[in-house]
Amino acid sequence: MKQGRLSPEFKVGILVLIGFIILFYMSIRIGKFGVLSDKGYDLMVYLDNANGLDTKSPVLIAGVEVGRIRSVKLDNFKALVRFSVKEGVQIPSDSIIAVRTQGVLGDKYLEILPGKEKKMLSSGEKMSNVLTSPSFDEIFTQVGTAAKKFGDTIEEFQGILGEKEKAGIKKSIDNIQTITGEFKDIIKDNKNSINSVIANADDTMKGLKKIVTDVESGKGSLGMLIKDEKLYNDAKDTMASLKSISSDIEQGKGSLGKLVKDDSLYNDAKDTVKNLKDITDGVKKGEGTLGKLAKDDSLYVETEKAMKKLQKGADGISEMTPITILGTIFGLMF
Amino acid sequence: MLVNLIKRISGTVVYILRELGGIGLMFFSGVYWAFRRPLKLNYIFKQMEFIGVKSAGVVIITGTFTGMVLALQSYYGFRKFGAEGLVGTTVALSMTRELGPVLTSLMVTGRAGSAMAAELGTMRVTEQIDALIVMALNPIKYLVTPRVVASFFMLPVLTIVSDFVGIVGGWLVGVKLLGINEGAFINKMTKYLELDDIYNGLVKAACFGIILSVVACYKGFYTKGGAEGVGRSTTESVVISSVSILIADYVLTSLMF
Amino acid sequence: MNDNGIVIKINDLHKTFASQKVLDGVNLEIKRGEITVIIGKSGGGKSVLMKHLIGLLKPDSGEIWIEGSDITKLNEKDLNEVRKKFGMLFQEAALFDSMNVIDNVAFPVREHTKLPEKEILRMAQERLRNVGLAGFDSKMPSELSGGMRKRVGLARALILDPDIILFDEPTSALDPITALTILDLIKETQERLQKTYVVISHDILGMFRIAHKVAMLYNGRIIEFGTPKEIRQSKKEEIKEFLKATGIPGFSGGDR
């Protein structure tokens with residue numbers, strides 16, 4: 001078969017070699033050369049809800065994959081999950097195990113939070129400390145609590161004003177001025193982006209239709225947050241109080257007489273009032289609940305705080321993707 | 001009228017059953033002779049060259065462009081909710097699990113399967129197959145088995161090449177053209193891609209290789225009616241192979257994944 | 001065993017294709033070392049008869065005895081043993097398109113013997129020289145004319161020195177001069193090798209040049225069997241008609 005040309009065997013050999021090199025390379029890159037399933041030991045855990053957990057779902061400690069789920073079976077109305085742990089990874093017997101969610105796809109995995117016990121789990125043992133993740137309902141309850149605290153804070157704010165501590169007021173006004181100025185700028189600067197964000201939010205909402213429906217019908221506690229008239233009224237009251245203080249200042253009468261001498265302070269205050277008026281006008285004109293939220297500056301302060309609390313509250317379940325998205329959207333809007 | 005209709009339907013059913021039976025028998029005898037000595041290695045290598053090496057070019061081109069268009073299309077979708085990083089995953093999973101094996105098999109059907117049917121058909125109508133029998137040589141062993149064995153081994157090889165160039169094509173479009181974060185692209189891909197995805201794809205490809213070669217050999221081997229018959233056999237073999245591959249793809253996928 | 005040197009004995013062979021009787025009780029005895037020509041009309045069952053001889057077709061009923069065994073009863077494995085005694089030249093030569101001339105001729109040797117490659121090539125080249133195609137070794141069948149292909153086919157049929165060689169229409173689709181050279185080649189090789197040749201053809205004139213015995217196949221039966229001279233003197237109407245069709249006055253009944 002030597003005719004100066006390459007023999008079929010040679011050409012086929014090259015092609016097969018290329019195939020094997022690619023296969024080998026891809027296997028290496030994927031980095032799961034099947035070694036996980038061979039060595040190591042097995043542990044078990046009973047879960048109330050193994051929804052989303054599947055054979056081969058990963059088991060992580062501190063975000064590092066240490067094993068894979070081998071099987072998920074129903075045992076006595078609980079899910080018996082059997083998983084492998086890599087050789088060399090020791091798990092203290094008081095470790096906590098939790099079902100977590102990862103990524104946009106909402107993949108579930110098991111996370112082991114190592115305990116402090118000296119005794120290590122050995123093959124075939126059951127882990128008993130299960131951290132149950134909060135469900136959606138629980139998250140919304142937390143949001144409700146946050147909204148209540150929001151209202152309390154505004155009342156506290158009013159209390160401060162009643163004390164009439166001049167220095168405090170001056171400082172407050174200063175702060176309010178800077179803050180409102182900034183907010184105005186922010187709103188001005190971001191008008192377009194707010195619009196587009198709202199548009200985007202609309203798109204996203206389509207995907208999250210159920211939640212949106214709930215929010216619109218004021219069913220969930222998040223809906224309450226948005227629709228709560230009291231909240232809005234509180235904010236309006238606050239504005240009114242501020243207004244009366246500023247008008248006192250303007251007239252230069254009463255106990256605030258001293259302050260009048262200070263021109264710059266006066267001017268500052270005037271500007272502040274003007275700003276506040278602008279904003280309150282905006283709020284009054286503001287249509288729809290989102291519009292109100294978007295234009296109401298003082299509400300912003302508290303909403304931001306509430307959001308922070310909300311995010312903090314949701315921290316333990318920070319992987320709950322839809323909420324994260326919602327948070328992102330609200331964060332962008334304010 | 002009604003009698004005619006029933007006649008036609010029953011005729012079609014009988015025809016389909018006979019074809020299926022013939023293809024099945026061809027498969028068994030082809031495999032049977034693969035395990036009988038002496039194995040005609042030089043024939044197998046010749047067919048491997050024809051089916052594998054000579055199809056490599058067209059497989060590489062289709063694979064690359066499929067990966068590229070996959071990246072383009074999935075980018076459009078994923079961008080809507082900010083998950084561009086998943087483009088790599090989509091390309092890799094689609095290529096290894098589905099498009100690699102299926103497109104490769106369809107391309108080989110078009111290129112090599114049709115040629116097999118035409119070649120065997122010509123051998124039939126010009127009595128070359130009879131000549132083999134008269135020489136006391138089994139035509140299945142000399143003509144069918146090498147083609148089936150070669151397809152069985154070459155399709156997975158072509159498929160892994162197709163998978164790879166498809167992913168590279170997706171990477172080119174996704175990372176180089178659309179500017180997806182390369183780290184996210186590669187990491188998400190390697191994270192969600194399993195070895196089983198690749199292996200099962202290759203198993204599928206091997207099955208498709210058997211299907212396309214057995215169908216082509218059957219159609220060619222039993223060609224009737226001269227040059228015109230050869231043309232008919234070739235067309236039928238491509239149609240039957242392609243349809244069978246897609247049906248088998250569904251069945252195998254539902255069994256495997 | 002060796003009853004009067006009869007190599008092939010066909011007993012009452014019947015074959016029907018889709019309600020059409022093609023062979024309707026064929027009886028024939030073919031002698032060793034002779035050229036026996038079976039002549040009949042196109043589509044008259046000649047090819048079918050020949051395919052029965054080599055086991056490509058199974059009869060509906062009847063027997064074919066070849067050197068003491070009834071091949072209609074044999075399984076494929078034993079049939080292959082019998083086939084090794086045969087060589088066959090097909091109508092279109094049936095050369096393998098994928099191989100060049102020398103590989104085609106050498107093919108049966110390569111597949112059936114373990115001779116060294118050098119010896120195989122020597123044999124193939126000798127056979128090619130015998131049919132007048134020395135030096136055509138590396139040509140592909142598609143590059144050859146019809147006559148050349150038949151010569152290569154003959155070389156391939158002869159290479160394993162078979163006892164019986166079958167010829168399917170050796171002169172069809174050839175111009176008269178090429179046909180003559182092929183006929184001469186058949187006659188010349190037969191005289192040299194002294195093998196049993198069975199030829200089927202509708203070309204009476206050509207066949208009478210080479211035949212030792214002629215069998216006339218008509219309506220699925222052998223209606224006359226004998227030397228060419230005996231055939232020409234036959235009184236049967238069908239044969240007279242067939243001979244007249246040659247257009248040569250006095251061919252029928254003549255004694256040349």
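Structure data summary
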item	result
The stretch B:150-225: trypsin sites (Lys or Arg not before Pro) falling in loop per DSSP and having at most 15 other Cβ within 10 Å	B:224
Charge context of residue C:200, other residues only, Cβ under 11 angstrom, K/R +1, D/E -1	-1
Under the Karplus curve 6.51 cos²θ - 1.76 cosθ + 1.60, θ = phi - 60°, whole-Hz ³J(HN,Hα) for the stretch A:43-48, x wherever Gly or Pro sits	10, 10, 8, 8, 10, 6
√(5λ) per eigenvalue of the Cα gyration tensor, the stretch B:2-256, largest first, Å	39, 21, 15
Chain lengthening between residue A:42 and residue A:155 when straightened (0.36 nm per residue, less Cα-Cα)	35.1 nm
Residues with amide H under 5 Å from that of residue A:130, placed H, sequence gap 5 or more	A:97
Surface/4 of the Cα convex hull for the stretch B:164-217, nm²	4.7
Cβ-derived FRET efficiency at R0 56 Å, residue C:42 paired with residue B:195, nearest 0.05	0.30
Projected area, mean over directions - the stretch C:11-105, Cα convex hull, nm²	7.9
Per-residue average of Cβ from other chains inside 10 Å of B:154-162	4
Violating pairs (Cα-Cα greater than 30 angstrom) within the set A:56/A:126; B:224/C:114; A:148/A:171; B:141/C:213; C:46/C:85	B:224/C:114; B:141/C:213
Relative compactness, the stretch A:35-131, computed as alpha-carbon Rg over 2.2 N^0.38 Å	0.99
Euclidean distance of C-alpha centroids, the stretch B:126-196 and the stretch C:1-42, integer Å	53
10 Å Cβ neighbours from other chains, averaged over peptide B:39-52	4
Amide H contacts under 5 Å for residue C:35, placed H, 5+ residues apart	C:197, C:212, C:213
Sequence ranges B:78-89, B:146-157, ranked by mean other-Cβ count within 10 angstrom, highest first	B:146-157, B:78-89
Label-point separation, residue B:243 to residue A:145 (7 Å along Cα→Cβ), nm	6.5
Whole-Hz ³J(HN,Hα) from phi, Karplus 6.51 cos²θ - 1.76 cosθ + 1.60, for the stretch C:126-132, glycine and proline x	5, 5, 5, 5, 4, 9, x
Residue A:240/residue A:129 FRET efficiency (R0 45 Å; Cβ-Cβ; nearest 0.05)	0.25
Cβ-Cβ FRET estimate between residue B:255 and residue C:241, R0 fixed at 60 Å, reported to 0.05	0.30
Radius of gyration and Dmax over the Cα atoms of chain C, both given in Å	18.4, 57
Under the Karplus curve 6.51 cos²θ - 1.76 cosθ + 1.60, θ = phi - 60°, whole-Hz ³J(HN,Hα) for the stretch B:214-224, x wherever Gly or Pro sits	5, 5, 4, 5, 4, 5, x, 4, 9, 5, 10
Share antiparallel - DSSP beta bridges, chain C, percent rounded to 5	50
Where Rh is the Kirkwood radius over Cα pairs, Rg/Rh for the stretch C:91-161	0.93
Tensor-based shape of the stretch B:121-233 (alpha-carbon gyration tensor, a/c under 1.5 rounded, otherwise prolate or oblate)	prolate
Cut-off under 5 Å, modelled amide H: who pairs with residue C:227 long-range	C:214
Length-normalised contact order of the stretch A:35-131 in % [C-alpha pairs under 8 Å, at least 6 apart]	34
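No value in this document is a laboratory result; all are computed from the given coordinates. None of these values were measured; they are calculated from a predicted model. Virtual Cβ from ideal backbone geometry, glycine too; neighbours counted across all protein chains shown.
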